[in-house]
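Below: one structure, written as structure tokens.
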Amino acid sequence: MIQKKEPVITVDGASGTGKGTVSQLLAKRLRWKFLDSGALYRVLALAAQKHSVVLDNEKVLEVLAEHLDVQFLARENELPMIILEGENVTEIIRSEKIGNSASIVAALPAVRAALLSRQRAFRESPGLVADGRDMGTVIFPDAELKIFLTASPEERALRRYNQLKERGISVTLSDLIKELRERDKRDQERAVAPLKPAEDAIRIDTDRLTVDQVVERILSEIKRKKAFPATSFPMMLEFAEVGVAE
């Protein structure tokens, strides 16, 4: 007898499309688990930095990925606390430098293979919202609903610029646009699991949409697909709000 796996919603897209924030809010609305797959690659990039491993040394990075001493500790109404080798790195891994390094290590086939099972292990009851770049194409190809978010480089750079400005970090908009385009090219052209929408993914352009509007659009797709059993949604959720139990 084949055991039924827990349902999954994947939210893929390039950096700055809003997929992280959207996925977190969606998981909160559904009372589901949440996977920020990009955090794993960022943690690995930081671990490489801590251990003086160059980013093109695929063999050593593969070993580091297989033995990554990382914990994701759940917190009420917040992102999980990320602990690397006993140190809280939740904020450190969000820097632009680590983000760019993560994009480099994520292009290595051996690294992606090493982190595959770790990502799939997040598939737990009652369901999972998975945020990344290859969630719907490689990690969870059988996901009940696949979303692919898009936005122009200019809009994405502006969002990032405003985020960094609020944190007191000085950057130029032109530099951010250049970095985003370089990261997009690297992600789209990598040999393994390139950034692209799954064939059955629903594309949503977020340029002129608020985060809440994107979340509502995805909830409406849940209703439309009727692919989720009511048992996947904890009783505390207002089913009528999502529309899965008409």
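The values are calculated or read from the model by the stated rules, or taken from the named source; none is laboratory data. Being a predicted model, the structure only gives us computed values, none of them experimental. Because the Cβ atoms are built from the backbone with ideal geometry, glycine has one as well, and the counts that use them run over all protein chains shown. What goes into the accessible areas is simple: the full protein's heavy atoms, side chains included, and nothing from ligands, DNA or RNA. Shrake-Rupley method; radii C 1.70, N 1.55, O 1.52, S 1.80 Å.
Some observations on this one:
- Counted residues, the range 116-150 - those being over 14 Å from the mean Cα position of the chain (by Cα), open to solvent by less than 20 Å² (accessible area, probe 1.4 Å) and either hydroxyl-bearing (S, T, Y) or modelled with pLDDT of 95 or more (or both): 2
- Criterion violated by A102 - all others in (1) open to solvent by less than 20 Å² (accessible area, probe 1.4 Å); (2) within 22 Å of G16 (Cα to Cα); (3) outside any helix (DSSP H, G or I) satisfied: (3)
- When V192 is tested against the conditions (1) in a loop (DSSP other than H, G, I, E, B); (2) open to solvent by 70 Å² or more (accessible area, probe 1.4 Å); (3) within 23 Å of V105 (Cβ to Cβ), the lone failure is (2).
- In the range 170-189, the qualifying residues are those that are surrounded by 13 or more Cβ atoms within 10 Å (Cβ to Cβ) and among the β-branched types (V, I, T), and the one that is nearest to A110 (Cα to Cα) is I177.
- Scanning the range 153-169 turns up no residue that is surrounded by 14 or more Cβ atoms within 10 Å (Cβ to Cβ), at pLDDT 90 or above and not in a helix (DSSP H, G or I).
- Residues that are open to solvent by less than 20 Å² (accessible area, probe 1.4 Å) and among the β-branched types (V, I, T), drawn from the range 34-64: V43
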